[in-house]
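K.L.:
Quick one: the structure is below, questions incoming.
Nothing in this text is a laboratory measurement; each read-out follows from the coordinates by a stated rule. On a predicted model such as this, the values are computed, not experimentally measured, just so you know. Glycine gets a Cβ as well: all are built from the backbone with ideal geometry, and neighbour counts include every protein chain shown.
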Amino acid sequence: MLGRELRRPYWRYTKLQTAVSLIVPLVLLPAIPIAILDLNSRSFLGFPLGYLVAAHGFIILGFLSVIQFVRRQDRIDIEHGANEDI
């Protein structure tokens, strides 16, 4: 458990990390549909190609965001001595 004097910097880094991890995907979410509009003229397996790219892009973006968040948070935990050894 962190001492009182170590909690403030730990939570400052954690809050900053959380904000950045939320802002980046939220900025990119509107960009994906705009970028794939031209692909809708083609189809793949009967679906518009833009739809497939957007659907898979959102899933991949979410997955990568979670991975990045966990890695950064683990580094913050180790740096501040709040990590759990499992």
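K.L.:
For the chain, give the magnitude of the charge dipole about the Cα centre (Cβ charges: +1 Lys/Arg, -1 Asp/Glu; no others), in debye to the nearest 20. Walk me through the intermediate numbers first.
P.N.:
Numbers: 9 positive and 7 negative charges, 54 e Å.
With only Lys, Arg, Asp and Glu charged at Cβ, the dipole is about 260 debye.
K.L.:
Show the residues, 5+ positions off or on another chain, whose built amide H is closer than 5 Å to the amide H of residue 43.
P.N.:
Distant-sequence amide H within range of residue 43: 49.
K.L.:
Hey, another quick one. Among 41, 65, what is the fewest-to-most ranking by other Cβ atoms within 10 Å?
P.N.:
Working: 41 9, 65 16.
Least to most surrounded, the residues fall as 41, 65.
K.L.:
Relative to the longest principal axis of the C-alpha atoms of the chain, give the angle of the C-alpha long axis of helix 49-80, reported between 0 and 90° and rounded to the nearest 10°.
P.N.:
On a 0 to 90 degree scale, this one is about 10.
K.L.:
Let me ask something else. To the nearest 10 degrees, how steeply does helix 4-35 sit against the main Cα axis of the chain, on a 0 to 90 scale?
P.N.:
Orientation of helix 4-35: about 0 degrees from the principal axis.
K.L.:
Per DSSP H run of n ≥ 4, the term is -39500 (n - 2.57); total these for the chain, divide by its residue number, and report the mean residue ellipticity at 222 nm rounded to 500 deg cm²/dmol. Spell out each step's value before the answer.
P.N.:
Working: 2 runs with 64 residues, N = 86.
The helix-only estimate for the chain comes to -27000 deg cm²/dmol at 222 nm.
K.L.:
Moving on. Can you give the three extents of the C-alpha atoms in the chain along their principal axes, from longest to shortest, in whole Å?
P.N.:
Sorted from largest, the Cα extents of the chain read 59, 26, 12 Å.
K.L.:
Restricting to Cα pairs below 8 Å that are 6+ residues apart, what does the relative contact order work out to for the range 1-67? Please round to a whole percent. Spell out each step's value before the answer.
P.N.:
Working: 27 pairs, mean separation 16.9, N = 67.
Computed over the range 1-67, the figure is 25 percent.
K.L.:
Given contacts defined as C-alpha pairs under 8 Å and at least six residues apart, what's the relative contact order of the range 31-86, whole-number percent? If you can, show how the numbers build up before the last one.
P.N.:
Working: 24 pairs, mean separation 11.8, N = 56.
Relative contact order of the range 31-86: 21 percent.
K.L.:
Treat the count of other C-beta atoms within 10 Å as a stand-in for reagent exposure and order 77, 38 from fewest to most.
P.N.:
Numbers: 77 16, 38 9.
By the 10 Å Cβ count, ascending, the order reads 38, 77.
K.L.:
Are there any trypsin sites (Lys or Arg not before Pro) in the chain that are in a DSSP loop and have at most 11 other Cβ atoms within 10 Å? List them by number.
P.N.:
Details: sites: 4, 7, 12, 15, 42, 71, 72, 75; in loops: 42.
The qualifying sites are 42.
K.L.:
Using the 10 angstrom Cβ neighbour count as an exposure proxy, how do 43, 21 rank, fewest first? Please report the intermediate quantities before stating the final value.
P.N.:
Working: 43 13, 21 17.
Sorted ascending by nearby Cβ count, the order is 43, 21.
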